[in-house]
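Undergrad: One structure, pasted below without further comment.
The values are calculated or read from the model by the stated rules, or taken from the named source; none is laboratory data. Bear in mind the structure is a predicted one, so any value in this text is a computation, not a measurement. Cβ coordinates were reconstructed from backbone atoms using ideal geometry, including for glycine residues, and neighbour counts include every protein chain displayed. When the accessible area is computed, the model is the full protein with side chains, heavy atoms only, and any ligands, DNA or RNA have been set aside. Shrake-Rupley method; radii C 1.70, N 1.55, O 1.52, S 1.80 Å.
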Amino acid sequence: TKGEYEHFMLKEIFEQPNTIANTIFSHLSDNDDRIYFEGLEELKKQLSKARRIIIVACGTSWHSGLIGEYLIEELARVPVEVEYASEFRYRNPIVREDDIVLAISQSGETADTLAALRYSKEQGATTFAVCNVYGSSMARECDFTAYTYAGVEIGVASTKAFTAQVAVLTMLAIAMGVENNILDDNRAVALITELRHIPELVEKTLQTDKAIEKIAKEFLDVNSFLYLGRGINFPIALEGALKLKEISYIHAEGYPAAEMKHGPIAMIDESLPTLIVGTNEAFYEKIVSNAQEVKARKGTIVAVVNEGDTELAAMADYVLTVPKVDELLQPILVAIPLHLFSYHIAVMKGCNVDQPRNLAKSVTVE
Ligand code: M6R
């Protein structure tokens with residue numbers, strides 16, 4: 001049931017301190033910061049031999065795959081390719097026996113992802129699923145499965161399953177990094193220690209909900225929205241834009257911030273607002289200069305910033321704040337205000353957020 005919440009989507013967003021904690025602590029030992037997955041030891045052997053990892057997924061799960069690419073390449077230095085399952089399966093892709101094909105899916109039943117997986121299996125690759133539904137087709141058919149413990153997700157818009165996927169991919173990347181002697185123990189322990197605190201920080205981020213609702217109110221009449229992010233937060237820009245489209249029917253496009261000047265900048269004026277994810281430390285000045293480019297064209301800016309940010313916050317018209325964490329752990333926190341922002345816009349526009357038009361929770365047809 002929806003309990004005290006008006007919609008499943010909102011309930012599921014607010015469940016995240018628990019769903020993320022369940023996911024993290026199901027894969028982490030209490031006392032020694034060791035990461036566990038069923039079959040992880042065997043998988044690690046495969047991973048150490050693997051030439052590359054191919055991630056296949058659709059929609060929001062594809063976005064978590066892109067975040068997984070950043071994490072795995074950064075922490076474990078294994079090459080990763082992220083593929084739309086639908087494109088992958090129909091283009092006669094090259095899959096070898098020393099590839100690991102990782103399918104990410106909330107339902108474990110998405111037709112294209114399942115077909116991509118079956119094809120990869122036929123080619124002799126090791127298959128691995130990150131999914132949320134116990135005993136789903138993908139979980140049954142893969143050589144290895146790491147579950148996300150997000151619980152049943154009813155809202156068509158995926159929220160808590162997404163953050164649980166990102167949590168699992170973070171842990172997988174850390175485990176691989178340690179196994180491959182790329183990640184030193186101190187950095188691994190520091191990341192795991194911070195990860196343990198993520199559920200509390202999600203709780204804290206959720207407390208900004210009323211402020212987000214107020215900002216959302218300013219954007220009910222826009223026709224289009226640009227979302228920009230860099231590095232590990234680029235996929236979050238894609239995710240924010242997808243959520244806005246699917247539940248509020250406002251056109252939105254996610255872009256790597258630096259790509260703006262290769263096309264989208266031509267669109268910017270008073271009528272096209274831009275949401276900028278500005279939490280990265282590494283390219284902060286570059287993000288600020290992207291924001292200046294938007295301002296110079298009279299564009300309205302909604303910025304997602306770390307607590308304590310001054311520069312970008314001062315330039316932005318509206319500010320969404322998240323607690324400051326290691327850059328690699330930011331996507332989970334940044335997803336929260338972005339999901340809430342779309343939710344409130346959609347509700348205020350009178351849209352059916354739990355059952356958006358034309359969409360099914362699980363796309364089992366092609
Ligand atoms: O069950 P899956 O994770 O395989 O589903 C993939 C997509 O259909 C799904 O993420 C879709 O994009 C959501 N409606 C997005 O909120």
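Undergrad: Hey, does the range 211-227 have a residue that's free of Cβ contacts under 8 Å to residues at least 40 places away in the same chain and surrounded by fewer than 21 Cβ atoms within 10 Å (Cβ to Cβ)?
TA: So the first thing to find is which residues in the range 211-227 are free of Cβ contacts under 8 Å to residues at least 40 places away in the same chain, and the list is 214, 221.
Remaining after also requiring surrounded by fewer than 21 Cβ atoms within 10 Å (Cβ to Cβ): 214, 221.
The answer is yes; a qualifying residue exists.
Undergrad: Of V363, V325, which residue is open to solvent by 70 Å² or more (accessible area, probe 1.4 Å) and out of contact with any strand residue (DSSP E or B) (no Cβ under 6 Å at 6 or more places or on another chain)? Even if it seems obvious, please write down each step before you answer.
TA: Details: V325 fails: open to solvent by 70 Å² or more (accessible area, probe 1.4 Å).
Just one listed residue meets the conditions, V363.
Undergrad: Does the range 140-158 include one or more residues that are open to solvent by 10 Å² or more (accessible area, probe 1.4 Å), touching a strand residue (DSSP E or B) at 6+ places or on another chain (Cβ under 8 Å) and hydroxyl-bearing (S, T, Y)?
TA: Within the range 140-158, one or more residues are open to solvent by 10 Å² or more (accessible area, probe 1.4 Å), touching a strand residue (DSSP E or B) at 6+ places or on another chain (Cβ under 8 Å) and hydroxyl-bearing (S, T, Y).
Undergrad: Given the criteria away from the ligand (no atom under 15 Å from the Cβ), farther than 19 Å from I332 by Cβ, outside any strand (DSSP E or B) and not hydroxyl-bearing (S, T, Y), does I182 qualify? Full working, then the answer.
TA: Details: away from the ligand (no atom under 15 Å from the Cβ): yes; farther than 19 Å from I332 by Cβ: yes; outside any strand (DSSP E or B): yes; not hydroxyl-bearing (S, T, Y): yes.
So I182 passes the test.
Undergrad: Continuing with the same structure: Can you tell me which of (1) buried (at least 19 other Cβ atoms within 10 Å of the Cβ); (2) more than 24 Å from I198 (Cβ to Cβ) is the one A76 doesn't meet?
TA: Among (1) buried (at least 19 other Cβ atoms within 10 Å of the Cβ); (2) more than 24 Å from I198 (Cβ to Cβ), the lone unmet condition for A76 is (2).
Undergrad: Taking the range 211-252 on its own, how many of its residues are of a type in the set (K, R) and more than 17 Å from the chain's Cα centre (by Cα)?
TA: Just the residues of the range 211-252 that are of a type in the set (K, R), to begin with: 214, 217, 230, 243, 245.
Among the residues that remain, those that are also more than 17 Å from the chain's Cα centre (by Cα) are: 214, 217.
Total meeting the criteria: 2.
Undergrad: Consider only pairs whose beta carbons are under 7 Å apart and that are at least six residues apart or on different chains; among these, list those whose first residue lies in the range 264-284 and is acidic (D, E) and whose second residue is open to solvent by 70 Å² or more (accessible area, probe 1.4 Å).
TA: So the pair list comes out as D269/R297; D269/K298; E270/K298.
Undergrad: If you don't mind, there's one more thing I want to ask. Quick check, is V168 assigned to a helix (DSSP H, G or I) and open to solvent by 60 Å² or more (accessible area, probe 1.4 Å)? Break it down stepwise before answering.
TA: Working: assigned to a helix (DSSP H, G or I): yes; open to solvent by 60 Å² or more (accessible area, probe 1.4 Å): no.
Against the criterion (assigned to a helix (DSSP H, G or I) and open to solvent by 60 Å² or more (accessible area, probe 1.4 Å)), V168 does not qualify.
Undergrad: If D326 satisfies every condition in (1) in contact with a Leu (Cβ under 8 Å, 6 or more places away or on another chain); (2) within 24 Å of L220 (Cα to Cα) but one, which is the exception?
TA: (2)
Undergrad: Among the candidates R96, R89, single out the residue that is touching a residue at least 12 places away in the same chain (Cβ under 8 Å), surrounded by fewer than 23 Cβ atoms within 10 Å (Cβ to Cβ) and either at positive phi or not in a loop (DSSP other than H, G, I, E, B) (or both).
TA: Details: R96 fails: either at positive phi or not in a loop (DSSP other than H, G, I, E, B) (or both).
After applying the criteria, what remains is R89.
Undergrad: Let me ask something else about it. Which pairs turn up if I take residues in the range 236-259 that are within 15 Å of the ligand (Cβ to nearest atom) and look for partners that are open to solvent by 40 Å² or more (accessible area, probe 1.4 Å) with beta carbon separation below 6 Å, at least 6 apart in sequence or on another chain?
TA: Pairs found: A241/E253; S248/K349; A252/K245.
Undergrad: A further question follows. What is the residue count in the range 197-210 for residues that are open to solvent by 10 Å² or more (accessible area, probe 1.4 Å) and under 18 Å from the mean Cα position of the chain (by Cα)?
TA: At the first step, the residues of the range 197-210 found to be open to solvent by 10 Å² or more (accessible area, probe 1.4 Å) are 197, 199-201, 203-204, 207-210.
If we keep only those that are under 18 Å from the mean Cα position of the chain (by Cα) too, we end up with 199, 201, 203.
Going through the range 197-210 one residue at a time, the tally reaches 3.
Undergrad: Looking for whichever is part of a helix (DSSP H, G or I), within 13 Å of the ligand (Cβ to nearest atom) and farther than 13 Å from S61 by Cβ here; the options are A116, A139. Which one fits?
TA: Numbers: A116 fails: farther than 13 Å from S61 by Cβ.
None of the others qualify; the one that does is A139.
Undergrad: So, one more: If you check A50 against the conditions, is it over 21 Å from the mean Cα position of the chain (by Cα) and in contact (Cβ under 8 Å) with a residue 40 or more places away in the chain?
TA: Numbers: over 21 Å from the mean Cα position of the chain (by Cα): yes; in contact (Cβ under 8 Å) with a residue 40 or more places away in the chain: yes.
It is true that A50 is over 21 Å from the mean Cα position of the chain (by Cα) and in contact (Cβ under 8 Å) with a residue 40 or more places away in the chain.
Undergrad: Related question: Can you tell me which of D317, D354, D309 is over 18 Å from Q165 (Cβ atoms), of a type in the set (D, E, K, R) and within 22 Å of the chain's Cα centre (by Cα)?
TA: When all the criteria are applied, what remains is D354.
Undergrad: Take the range 284-305 and flag every residue that is open to solvent by 70 Å² or more (accessible area, probe 1.4 Å) and within 26 Å of the chain's Cα centre (by Cα).
TA: Matches in the range 284-305: E285, K286.
Undergrad: Separate question: Filter the range 259-277 down to the residues that are closer than 9 Å to L228 by Cβ and either assigned to a loop (DSSP other than H, G, I, E, B) or out of contact with any Phe, Trp or Tyr (no Cβ under 6 Å at 6 or more places or on another chain) (or both) and list them by number. Walk me through how you get there before you give the answer.
TA: Our first condition is that a residue be closer than 9 Å to L228 by Cβ; within the range 259-277, this holds for 259-260, 264, 274-277.
Once the filter is applied, which keeps residues that are closer than 9 Å to L228 by Cβ and either assigned to a loop (DSSP other than H, G, I, E, B) or out of contact with any Phe, Trp or Tyr (no Cβ under 6 Å at 6 or more places or on another chain) (or both), the range 259-277 yields E259, M260, T274, I276, V277.
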